[in-house]
Amino acid sequence: ECNPLSRQPRASSTGRVEVLFAMVKVSGTILIYFADFVTSLGVTVVIFLGSCYVMRAHLQRLPWHDHRINMLRGAVLSCVMWVSLSSVLVSGMEAGNILQDPWAQQQVQWALIGVLPIAFMLGLYLVNAKRDQIFNQINRLRGDWDAQQQTAKAQEALLSANESRFDRQKSIASYKSYKSGAAESTVPKKTMYTSFFDPTLDSKRAFKSGIEAHTAARILLYNRREDDLPFLRHVLMRGTEEHPDSSDLKLLRITTERFVFKNNLIAQEAEKAVKSHLNAEAIDFQYVFYVVERKTTQASAQESIGIGNVTSINLMEWGAGIERARKAHLQALHKIRDFWRHLRKRSAHAEHVPSSDIADMLVQLDEFEYAMEAAKAEYESLLVNYSSSTELLQSYANFTDHVLNDSKMADKIRSQALALEKGEGGGGAGAFCRI
């Protein structure tokens, strides 16, 4: 689920950390099969370094949306690090012939095992400390943002009190544009020129990396406070300006603009910028981007289809059915038009119509009847499942009016479609059947 508002989203951040952990376990297993060529010390060192890297990624991303799971996972990874380090120490002692007495080895191993609870508690502490650090960052950024908002309001009030109406409108409009730019562009964009000549650039940044900004935005979102949404947009814009090359931030911004802020225009601009070099991104990023596009297509189709929770099967069924119905509808119109044109031409240039022409016109009438019945069957089949679609009702009303010549029924169907557009009708198949 790519929608950030989902209660159980499958975050790419979680997958990346879990994939790293799986790679460490697989690499350790493979090295064991080469025990004849690789010493036990080398295997344990590889596992220890891999577990350290996974622990670092876990602390950077805090991948799970539940803090308790993050703490538990961090404690487990800390224990894995300690066990792998203990294996390195034991293997090193064996390789260096240190404390080879069995009783001494047993005491050392028991001592190392006894430290496991401490490692567990250390993992809990590290995850909790990282979360507190992120909250401190968010609070500092929130203070700056609140100060900017208060300053903007004070200056706006001052302008409205002291200036004339024309000048006030002009000044407020210019100041609002300045304020929106200042609120979103408090830090110059990262370029090679500014990075080279500005020694204090890093100290001006709210986030040291794109992953840090991504984690802060996710934590802020999953506090589930609707009042934080304007500040969340500020955090995303700040992180994007400071780290414009971060794929995680680009994807999070697209999904939040699309599903949280409901700003399709900004989301489309961001998607267009990403799509221009999508092949250079990671596979999981490309897949999530594809899912977002599918979700967008389903959301737009939901308005046409008239049902909620549109699936791919609904889209396929709707697309194929409405295309067949419209094709048969158009064919029926063409056939009856050709029939009347043929009849008018013959009646204008001859006193009687030849039998061959009558046969041709009868063929056209037969084709018209066939197309009419096909269109009617397709429309009625679609109305069974999509009777609340205003687009379908309007098309069927036109078919009833122009092909079936039943203007009374067409007016009733148009009235139902209009009621659905205004939210006054009950929709559903029952309402259409009553008509």
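The values are calculated or read from the model by the stated rules, or taken from the named source; none is laboratory data. Predicted, not measured: the structure shown is a model, and the values here were computed from it. Cβ atoms come from the backbone with ideal geometry, glycine included; neighbour counts cover every protein chain shown. Accessible surface is based on the protein model in full, side chains and every heavy atom, while ligands, DNA and RNA are left aside. Shrake-Rupley method; radii C 1.70, N 1.55, O 1.52, S 1.80 Å.
If R0 equals 25 Å, the separation of the Cβ atoms of residue 98 and residue 56 corresponds to a calculated FRET efficiency of about 0.25.
Here the calculated FRET efficiency for residue 35 and residue 121, from their Cβ-Cβ distance with R0 = 51 Å, stands at 0.90, rounded to the nearest 0.05.
The value of relative contact order for region 1-123, using C-alpha pairs under 8 Å at least six residues apart, is 26 percent.
Rounded to the nearest 10 square angstrom, residue 71 shows an accessible area of 40 square angstrom against a 1.4 Å probe.
Full extension from residue 266 to residue 313: what is 0.36 nm times the residue separation minus their Cα-Cα distance, to one decimal in nm? Before the final figure, lay out the partial values.
Numbers: separation 47, 0.36 × 47 = 16.92 nm, distance 2.91 nm.
So the chain would gain 14.0 nm between residue 266 and residue 313.
Overall shape: prolate for region 25-77, with the ratio a/c of the largest to smallest alpha carbon gyration tensor axis at 1.5 or above and a/b above b/c. Among the protein heavy atoms, those of residue 318 account for about 20 Å² of accessible surface (1.4 Å probe, every chain in place).
What full-extension length gain, to one decimal in nm, is calculated for residue 66 and residue 49 as 0.36 nm per residue of separation minus the Cα-Cα distance?
Working: separation 17, 0.36 × 17 = 6.12 nm, distance 2.68 nm.
In short, 3.4 nm is gained.
Largest first, the residues 257, 421 sort by 1.4 Å accessible area into 421, 257. Counting only Cβ charges, +1 for Lys and Arg and -1 for Asp and Glu, the dipole size of region 45-151 around its Cα centre is about 360 debye. Restricting region 368-413 to chymotrypsin sites (Phe, Trp or Tyr not before Pro) that sit in a DSSP loop and have at most 14 other Cβ atoms within 10 Å of their own Cβ leaves nothing. Potential lengthening of the chain between residue 156 and residue 279 amounts to 39.7 nm, from the contour at 0.36 nm per residue minus the alpha-carbon distance.
Among the protein heavy atoms, those of residue 56 account for about 130 Å² of accessible surface (1.4 Å probe, every chain in place).
With a ≥ b ≥ c taken as the square roots of the eigenvalues of the C-alpha gyration tensor of region 8-119, please select rounded if a/c is under 1.5 and otherwise prolate if a/b is larger than b/c or oblate if it is not? Oblate is the answer for region 8-119, as a/c is 1.5 or above yet b/c matches or exceeds a/b.
Using the crude model of +1 on Lys and Arg Cβ and -1 on Asp and Glu Cβ, and no other charge, please compute the dipole size for region 349-423 relative to its Cα centre, in debye to 20. Please list the in-between numbers first.
Details: 5 positive and 14 negative charges, 124 e Å.
The dipole of region 349-423 has a size of about 600 debye.
When 342, 402, 329 are compared by accessible area of protein heavy atoms, the largest-first order is 402, 342, 329, using a 1.4 Å probe.
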